[in-house]
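The values are calculated or read from the model by the stated rules, or taken from the named source; none is laboratory data. Treat the numbers as computed from the prediction; the structure is a model and nothing was measured. Backbone-built Cβ (ideal geometry, glycine too); neighbour counts: all protein chains shown. What goes into the accessible areas is simple: the full protein's heavy atoms, side chains included, and nothing from ligands, DNA or RNA. Shrake-Rupley method; radii C 1.70, N 1.55, O 1.52, S 1.80 Å.
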Amino acid sequence: MEKKDNTGVALTWFFWLLNKHPFVESKIKEELRDTMTKENTEKWHLFTQEELNKLVYLHAALSETLSLYPPVPFQIRSPLKPDILPTGHHVTPKKTMIFIPLYLMGRTTVVWAIDSQEFKLGRWITEKGGIKHEPSHKFFTFNAGPEDMHGEGVGLLHK
């Protein structure tokens, strides 16, 4: 899929979830208003990276959306060299294709919690109210491995 297609799918789910959870929408609006200075409230505003880093609720809502409704619901990988998976299965480069169900991973109670199928922003907010980052093997939307999370910052900011 093209990255713009992925962005469109992600935003569709994001706005659908905001519609289903008006409290979250109002918290995001409040957070945006609080982040903007008085000089720029009457016009369009391009947020700086520093300002975006303060938008905890927005980041949490986007992350939870991507966890529950990943734009690409599954990925397929092949090993680069023979290996043994944690399950004990032997894999070889030319004979093995590994199916990674991202849609399922975002809803698995073993990975997240008993409430893994609910829209819960607390998974993404620290006890001190900051942005909580999950390891890439848990939040796999942006891949994992030697080149993990390269697209996360750009993906969350994509125009």
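Filter region 100-118 down to the residues that are part of a loop (DSSP other than H, G, I, E, B) and not acidic (D, E) and list them by number.
Residues satisfying the conditions are P101, G106, R107, T108, T109, V110, V111, W112, A113, I114, S116, Q117.
For region 105-134, what are the residues that are farther than 23 Å from E50 by Cβ, open to solvent by 60 Å² or more (accessible area, probe 1.4 Å) and at pLDDT below 90? Within region 105-134, T109, V110, I114, Q117 qualify. Return yes when R77 is over 21 Å from K132 (Cα atoms), loosely packed, with under 12 Cβ neighbours inside 10 Å and charged (D, E, K, R) and no when it is not. So R77 does not fit the description; no.
Against the test of being under 19 Å from the mean Cα position of the chain (by Cα) and not acidic (D, E), the options L102, L46, L80 yield a single qualifying residue, L102.
Scanning region 75-94 for residues that are more than 23 Å from G106 (Cβ to Cβ) and part of a strand (DSSP E or B) turns up D83, I84, H90, V91.
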